[in-house]
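Please treat every number below as a calculation from the coordinates, not as lab data. These numbers come from a predicted model, not from an experiment. All Cβ positions, even for glycine, are placed from backbone atoms using ideal geometry, and neighbour counts span all protein chains on display.
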Amino acid sequence: MKKARKILALLLVLVTVLSMAGCGKGGEKSQSTNAAGTTEGAGASSDVASETSGESGDSKFSTTYGSKKFDNVTITVEVFDRSNAPEGSTVIDNKWTKYINEEMNKVGITVKFVAVPRAEELNKTQLMMASGTAADIMICYTASVVEGFYNDGGTFDLAPYVDGADQAKNMKEYIGKECLDLGRNKDGALWGIAARRSTTANSNIFIRKDWLEEIGLQIPTTVDELYNVLKAFKQKHPDAFASGFSTNTKSSDPHGVMSLAFLKNVADEKTYDIEAGSATDLIYADTGYGEYFKWINKLYNEGLMDPEYYVNATNDNALKEDFVNSKIGCFESNVNYNVDNLRGSLLKALQSTDPKADVISIPPVKNINDGVIYNKNYPINGAYLFIPKSAKNVEAAVTYLDWLGTKEGGFTLFHGVEGEHFKYDDQGVPCVIDADYNAKDKDWTRHDLFLIGNQGYYKTADEFAAATSKEAPGYENYVLDNYKNAVAGTIRFDPTFTAPTYTEKNTEISVIRDEYFVKLVTCAPDKFDATLEEFKEKLKNVGYDDIIKERTEYYDNQYASK
């Protein structure tokens with residue numbers, strides 16, 4: 001009996017040693033599941049990554065939807081709350097979250113959603129990670145923040161769950177290697193899943209076409225021509241605001257496409273990437289951005305824009321009200337803003353009271369330095385998805401992301417059901433049947449539930465534009481023109497890198513920026529240069545030379561590896 005107990009004790013010690021050998025760096029254990037779906041303590045260390053991230057097909061984790069049955073696993077998923085849920089629904093409990101669970105229950109996974117206000121995305125993400133309350137699948141638009149979580153040991157390397165030939169097949173096919181690799185470091189670790197954009201189109205310049213015809217002027221193609229148009233608009237419509245470009249000077253917005261007409265260094269792509277991380281980066285590094293603000297200052301002082309623009313700068317409804325009330329002649333905003341059904345079909349609303357009114361998009365105006373048209377586009381990815389170390393089952397979480405790449409998954413969440421929400425045209429493009437019905441039934445939540453893509457489930461940008469045009473009955477050509485103009489000319493993609501010093505000093509920078517962006521627009525013209533220099537000096541004092549140095553080092557390495 002004593003001998004048996006000794007043998008048992010030795011076995012227990014052996015089991016303990018073996019289980020400890022599975023611990024990863026810092027004693028953390030990653031979670032896997034066996035064929036029955038129960039949890040195993042398999043370490044997601046670099047050793048595991050090296051064994052499973054190849055294309056051998058012999059992968060440790062089964063993450064292609066339907067390739068295994070889990071044992072009643074529950075995962076949590078962040079979802080943005082935009083306060084737009086229809087009556088009787090919430091962002092975490094609605095027709096489509098129920099559909100998700102019907103499909104995921106087929107493979108033994110239950111999905112619970114965690115609502116986060118969209119406007120508080122970054123702050124909430126950092127708070128949830130710090131407090132250990134993060135969902136199993138988190139969303140963040142700031143690459144440096146997500147990679148920082150990984151570098152600090154707070155998130156999983158997803159390469160062991162994704163890189164195998166038989167792993168996450170649907171997700172990888174949809175996202176594509178180029179986009180997926182944006183979430184990978186130089187050692188091959190996959191710190192985040194980069195959601196692919198269906199289109200990189202960012203914004204448009206919009207103008208009152210009927211007002212142009214009224215004063216007998218052509219569509220402006222240069223800064224000087226545009227200024228002359230704005231002056232003529234004000235003379236003809238003294239109670240309206242000729243210009244709405246100032247909305248892009250609010251601190252929460254990056255620089256707009258109009259500013260590219262002034263930048264001196266935009267012709268060099270690498271220099272642009274270094275200097276265009278934010279509007280504050282540009283004001284410090286490219287003197288052309290100061291010229292853009294001087295132009296805005298001229299518009300302000302000549303009464304060509306709302307004299308109290310800064311009051312409405314953070315009010316998204318202010319521009320809509322000016323639009324539908326014929327109070328604005330030319331402005332810049334999100335691509336397709338004039339006819340987007342989700343924004344209320346603003347041109348349709350305007351024409352209900354003024355049938356002759358017409359608001360169209362135009363191509364960007366030429367750069368004042370080299371005469372080239374430059375356009376500002378999003379990067380090829382939007383949000384980054386990541387899985388914190390607090391997650392109990394990474395395999396199940398990645399399986400959910402893979403399901404989003406299927407027709408039953410992301411396609412249905414975005415487009416709905418054939419015959420109810422859409423029908424196919426002759427080219428096989430899904431076209432809406434009733435845009436108003438879709439807006440109320442699914443469109444309010446479809447973008448936020450389809451995590452692995454931004455702007456919808458489409459294989460190409462052309463397919464996206466064609467399908468999106470069908471969502472604006474009677475305004476299809478406006479949509480096509482909007483997306484055409486939003487990608488016209490030489491494209492400059494928004495850089496994705498954020499300098500560590502910028503993140504560290506963000507609060508101080510924001511206070512300075514908020515004060516001086518308003519001052520630059522509203523000061524007397526003869527005070528502009530001094531105000532700009534004062535602004536730059538304050539930025540210098542909070543470490544802006546370090547920010548530009550860090551950005552330069554980062555992009556030196558990026559371009560050296562191309």
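Structure values in brief
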{"item": "Amide H contacts under 5 Å for C431, placed H, 5+ residues apart", "result": "K423, Y424, D425"}
{"item": "Per-peptide average of other Cβ atoms within 10 Å, ordering 374-382, 418-426 highest first", "result": "374-382, 418-426"}
{"item": "Span-like helix ranges in the chain, DSSP H, alpha carbon extent 18 angstrom or more, Kyte mean at least -0.5", "result": "2-21, 223-236, 506-522"}
{"item": "Dipole in debye (nearest 20) - region 486-561, about Cα centre, beta carbon charges: Lys, Arg +1; Asp, Glu -1", "result": "180"}
{"item": "Cα-only Debye scattering, region 426-546: base-10 log of I(q)/I(0) at q = 0.22, 0.23 Å⁻¹", "result": "-1.23, -1.31"}
{"item": "Residues S259, S326, S62 arranged by fewest to most Cβ contacts within 10 Å", "result": "S326, S62, S259"}
{"item": "Separation of the A349 and S131 label points, Cα + 7 Å toward Cβ, nm", "result": "3.5"}
{"item": "Cβ-placed point charges (K, R +1; D, E -1), dipole of region 101-159 about Cα centre in debye, nearest 20", "result": "180"}
{"item": "Calculated P(r) tail over 47 Å for the chain, as whole % of Cα pairs", "result": "18"}
{"item": "FRET efficiency, K209 to R118 (Cβ-Cβ, R0 30 Å, nearest 0.05)", "result": "0.40"}
{"item": "Distant-in-sequence amide H partners of D494 (H built 1.01 Å from N, under 5 Å)", "result": "N377, Y378"}
{"item": "Computed over region 100-173, Cα set: Rg, Dmax in Å", "result": "14.6, 38"}
{"item": "Peptides ranked, highest mean first, by Cβ atoms within 10 Å: ranges 329-335, 528-534, 545-551", "result": "329-335, 545-551, 528-534"}
{"item": "Relative compactness, region 123-259, computed as alpha-carbon Rg over 2.2 N^0.38 Å", "result": "1.63"}
{"item": "Net charge over other residues, Cβ less than 14 angstrom from the Cβ of V335 (K, R count +1; D, E count -1)", "result": "-1"}
{"item": "For L263, residues with placed amide H under 5 Å, excluding near neighbours", "result": "none"}
{"item": "Leading residue at positive end of dipole, the chain (Cβ point charges), from T503, Q351, V372", "result": "T503"}
{"item": "Segments 91-104, 263-276 sorted - mean Cβ within 10 Å per residue, highest first", "result": "263-276, 91-104"}
{"item": "Around D281: net Lys/Arg minus Asp/Glu count, Cβ-Cβ under 10 Å", "result": "-1"}
{"item": "Viscosity 0.692 mPa s, temperature 37 °C, Stokes-Einstein D of region 216-303 from Kirkwood C-alpha radius, µm²/s", "result": "234"}
{"item": "MRE, 222 nm, helices only [DSSP H, n ≥ 4, -39500 (n - 2.57), over the chain, to nearest 500]", "result": "-12000 deg cm²/dmol"}
{"item": "Nitroxide proxy distance, nm - points 7 Å out along Cα→Cβ at A560 and K536", "result": "2.8"}
{"item": "Lys, Arg +1 and Asp, Glu -1 on Cβ, resulting dipole of the chain about Cα centre, debye, nearest 20", "result": "1540"}
